[in-house]
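Enquirer: Please see the structure below; I have some questions.
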Amino acid sequence: MRVLGLAKYGPRAASTRQRMLQYRPHLAARGIELELRPLLGDDYLERLARGEPQPRSAIARGYARRLTDLIDARRFDVAWVQYEAFPYLPGIAERLLTMTGVPIVYDIDDAIFHQYDRHGSPLVRQVLGRKLVPLMRRASACLCGNAYLQAYAEQYCPNSIIVPTVVDTADYRPADGVRSAPPVVGWIGSPSTWRYVEPLLPTLLPLFAQHGVRMRVVGAGPRARGIDGIDAIEWTEANEVADIQAMDIGIMPLPDEPWARGKCGYKLIQYMACGLPVVASPVGVNREIVTPGRNGFLATDAGEWVAALERLIGDAALRRAYGRDGIDTIEARYSLRSQQDRVADALEAAAAERRR
């Protein structure tokens with residue numbers, strides 16, 4: 001059985017690695033071959049992280065390759081589509097994939113439909129507001145990262161199931177040895193999500209300075225560099241787990257807005273798998289991942305953020321206890337082991353529809 005993986009980005013993107021590529025060994029064990037073909041390669045994301053402009057010619061080549069991918073699609077048993085086939089083009093472009101006759105399994109871990117149906121331009125909303133509908137209606141299954149995304153997808157695809165973004169707990173695990181004081185408060189993400197942290201910095205940085213705490217920031221890009229009290233580190237796949245293991249507390253601020261409600265809590269899952277207690281905004285799936293008083297805290301305003309962090313900063317035993325509960329949470333619901341058969345089953349069921 002051959003699966004064509006149509007991802008938006010290359011392996012550098014967490015969505016590509018965690019929603020597709022990490023399933024490859026298990027799929028292979030079940031006789032399923034996954035061939036990944038991203039629309040935009042890792043060089044695109046590297047330029048994005050550096051704040052550099054994107055050559056239009058490179059983007060055009062990506063779209064041209066995608067057309068070739070659709071021609072090849074008939075040679076595969078299933079097309080596994082992440083986000084959309086042709087970003088920012090009208091829905092007619094998505095129909096090109098549906099016309100191949102290849103069964104589609106659709107995957108979504110961000111509220112990308114809000115890029116269109118909540119766009120500031122009425123023309124964009126009119127032309128692109130429903131552009132994902134053809135894919136979802138044609139899909140044998142929609143794999144949705146959380147309930148917010150499922151609620152949207154199941155309007156068009158009855159077989160819309162929640163498959164959370166997960167980590168391989170063979171790799172994501174607590175650091176060996178005893179951590180030294182003072183604790184390190186950490187955040188990991190991308191330049192686009194660093195903006196969720198910036199409004200809290202006037203509150204957090206004085207608190208950290210008061211307690212002699214450093215803030216370890218991974219992947220935020222140029223805007224996090226040169227800020228007193230912050231150790232800004234470039235993200236690399238090779239060092240990702242070690243960078244989280246060097247933290248003692250993980251944070252995930254989010255605004256309560258539609259786009260953020262579609263987030264899948266991947267940061268929290270990474271932190272907790274590594275045995276970190278967490279503090280997060282009570283937005284979207286964060287409320288399902290974090291159990292206050294067991295594996296972390298939910299904080300709405302500046303006062304709650306300060307109170308939660310002060311408790312964790314000052315109590316190493318509490319951090320350890322919350323960290324142990326977090327590991328159990330990830331193993332049960334957000335580990336690769338807990339979801340890999342569900343993904344393989346969805347792909348096999350789609351292929352079986354074609355045979356029938």
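Enquirer: Let me check against my output: what whole-number percent is the relative contact order of the stretch 204-356, with C-alpha pairs under 8 Å and at least 6 apart? Spell out each step's value before the answer.
Expert: Working: 185 pairs, mean separation 26.1, N = 153.
Averaging sequence separation for qualifying contacts and normalising by length gives 17 percent for the stretch 204-356.
Enquirer: Same structure, new question: Quick one: go through the stretch 79-99 and flag any residue whose amide nitrogen is under 20 Å from the point 7 Å out along the Cα-to-Cβ line of Arg130.
Expert: The answer is 84-99.
Enquirer: Using a 1.4 Å probe and ignoring any ligands, DNA or RNA, find the accessible area of Thr68 and quote it in Å² to the nearest 10.
Expert: Probe radius 1.4 Å; accessible area of Thr68 about 70 Å².
Enquirer: For each cysteine in the chain, check whether another cysteine's C-beta sits under 4.7 Å from its C-beta; list those where none does.
Expert: For the chain, the answer is Cys144, Cys264, Cys274, because their Cβ atoms have no other cysteine Cβ under 4.7 Å.
Enquirer: Say R0 is 51 Å: what FRET efficiency, to the nearest 0.05, do Thr98 and Arg173 get from their beta-carbon distance? Mind dumping the intermediate values first?
Expert: Values: r = 42 Å, r/R0 = 0.82.
E(calc), rounded to 0.05, equals 0.75.
Enquirer: A further question on this structure: Please report how far the C-alpha centroid of the stretch 289-356 lies from that of the stretch 203-244, rounded to the nearest whole angstrom.
Expert: Taking the Cα centre of each part, the stretch 289-356 and the stretch 203-244 sit 22 Å apart.
Enquirer: Report the relative contact order of the chain, percent, no decimals, based on alpha-carbon pairs under 8 angstrom and at least 6 residues apart. Walk me through the intermediate numbers first.
Expert: Details: 654 pairs, mean separation 55.8, N = 356.
Relative CO of the chain lands at 16 percent.
Enquirer: If you don't mind, there's one more thing I want to ask. Quick one: if the Förster radius is 35 Å, what FRET efficiency do Glu304 and Glu46 give, using the C-beta to C-beta distance and rounding to 0.05? Numbers along the way, then the final one.
Expert: Numbers: r = 37 Å, r/R0 = 1.05.
Result of the calculation: an efficiency of 0.45.
Enquirer: Keeping every protein chain in place, order Ser160, Ser190 by accessible area at 1.4 Å, biggest value first, i.e. largest first.
Expert: Working: Ser160 10, Ser190 40 Å².
The most accessible residue leads, giving Ser190, Ser160.
Enquirer: Moving on. With a probe of 1.4 Å, find how much accessible area the chain has per residue, and write the answer as a whole number in Å². Working shown, then result.
Expert: Details: 15140 Å² over 356 residues.
Per-residue accessible area for the chain comes out at 43 Å².
Enquirer: Would you give the gap between the C-alpha center of the stretch 248-284 and the C-alpha center of the stretch 95-138, rounded to a whole Å?
Expert: 26
Enquirer: Moving on to the next point. Heads up, I need the accessible area for Trp259: 1.4 angstrom probe, whole protein in place, Å², nearest 10.
Expert: For Trp259, solvent-accessible area is about 60 Å².
Enquirer: Pop out the carbon and sulfur fraction of the accessible area of the stretch 159-286 as a percent, whole number, probe 1.4 Å.
Expert: Numbers: 2500 of 4880 Å².
Carbon-and-sulfur percentage of accessible area, whole number: 51.
Enquirer: Set the Förster distance to 25 Å, then compute FRET efficiency between Leu89 and Glu33 from the Cβ-Cβ distance, nearest 0.05.
Expert: Values: r = 29 Å, r/R0 = 1.15.
With a Förster radius of 25 Å, E is 0.30.
Enquirer: If N is the number of residues in the chain, what value comes out of its Cα radius of gyration divided by 2.2 N^0.38 Å?
Expert: Working: Rg = 20.8 Å, N = 356, 2.2 N^0.38 = 20.5 Å.
Working it through for the chain, the quotient is 1.01.
Enquirer: With the Cα gyration tensor of the stretch 1-101 giving a ≥ b ≥ c as the square roots of its eigenvalues, does the rule (a/c under 1.5 for rounded; else a/b larger than b/c for prolate; else oblate) give rounded, prolate or oblate?
Expert: Taking the square roots of the gyration eigenvalues as a ≥ b ≥ c, the stretch 1-101 is oblate.
Enquirer: Let me ask something else about it. Would you kindly state how much longer the chain becomes between Arg137 and Asp117 on full extension, computed as 0.36 nm times their sequence separation minus their alpha carbon distance, in nm to one decimal?
Expert: On the way: separation 20, 0.36 × 20 = 7.20 nm, distance 1.74 nm.
That pair, Arg137 and Asp117, stretches by 5.5 nm at full extension.
Enquirer: Quick one: grab the alpha carbon gyration tensor of the stretch 96-171, order the square roots of its eigenvalues as a ≥ b ≥ c, and give me rounded if a/c is under 1.5, else prolate or oblate depending on whether a/b is larger than b/c.
Expert: oblate
Enquirer: Would you list Leu36, Leu89 from the most to the least accessible area, probe 1.4 Å? Numbers along the way, then the final one.
Expert: Working: Leu36 35, Leu89 70 Å².
Result, largest first: Leu89, Leu36.
Enquirer: Please sort by residue number the GluC sites (Glu not before Pro) in the stretch 196-292 whose DSSP state is loop and whose Cβ has at most 11 other Cβ atoms within 10 Å. It would help to have the intermediate numbers written out before the result.
Expert: On the way: sites: Glu234, Glu237, Glu240, Glu288; in loops: Glu234, Glu237.
Within the stretch 196-292, the qualifying GluC sites (Glu not before Pro) (loop, at most 11 other Cβ atoms within 10 Å) are Glu237.
Enquirer: May I ask you to evaluate 6.51 cos²θ - 1.76 cosθ + 1.60, the Karplus curve with θ = phi - 60°, for each residue of the stretch 280-295 and list the ³J(HN,Hα) values in order in whole Hz, giving x for glycine and proline?
Expert: Karplus-based 3J(HN,Hα) across the stretch 280-295 equals 9, 6, x, 10, x, 5, 3, 5, 8, 6, 8, 10, x, x, 10, 10 Hz.
Enquirer: From largest accessible area down, sort Asp117, Asp256; use a 1.4 Å probe on the protein chains. Let's see the in-between values first.
Expert: On the way: Asp117 55, Asp256 110 Å².
Listed by decreasing accessible area, they come as Asp256, Asp117.
Enquirer: Mind listing the phi-derived Karplus ³J(HN,Hα) values for the stretch 344-350, rounded to whole Hz, using 6.51, -1.76 and 1.60 with θ = phi - 60°, and x for any glycine or proline?
Expert: The phi angles translate into 4, 4, 5, 5, 5, 5, 5 Hz.
Enquirer: Please state the shape class of the stretch 287-356: rounded when a/c is under 1.5, otherwise prolate if a/b exceeds b/c and oblate if not, all from the C-alpha gyration tensor. Write out the running numbers ahead of the final one.
Expert: Values: a/c = 6.43, a/b = 2.78, b/c = 2.31.
Prolate shape, in that a/c is at least 1.5 and a/b is the bigger ratio.
Enquirer: Now for a separate question. Using amide H atoms built 1.01 Å from N in the peptide plane, name the residues 5+ places from Gly296, or on other chains, whose amide H lies under 5 Å from its own.
Expert: Those lying under 5 Å, H to H, from Gly296 are Val278, Thr291.
Enquirer: Pairs of alpha-carbon atoms within less than 8 angstrom and 6+ residues apart define the contacts here; what relative contact order does the stretch 12-104 have, in percent? Don't skip to the end; give the middle numbers.
Expert: Numbers: 52 pairs, mean separation 19.8, N = 93.
Averaging sequence separation for qualifying contacts and normalising by length gives 21 percent for the stretch 12-104.
Enquirer: Kindly report, to the nearest 10 Å², the accessible surface of Ile330 as traced by a 1.4 Å probe over protein heavy atoms only.
Expert: Per-residue accessible area (Ile330): approximately 0 Å².
The values are calculated or read from the model by the stated rules, or taken from the named source; none is laboratory data. Note that this is a predicted model, so its numbers are computed, not measured. FYI the Cβ positions are ideal-geometry reconstructions off the backbone, even for glycines, and counts take in every protein chain you see. To get the accessible areas, we keep the full protein, side chains included, count just its heavy atoms, and leave off ligands, DNA and RNA. Shrake-Rupley method; radii C 1.70, N 1.55, O 1.52, S 1.80 Å.
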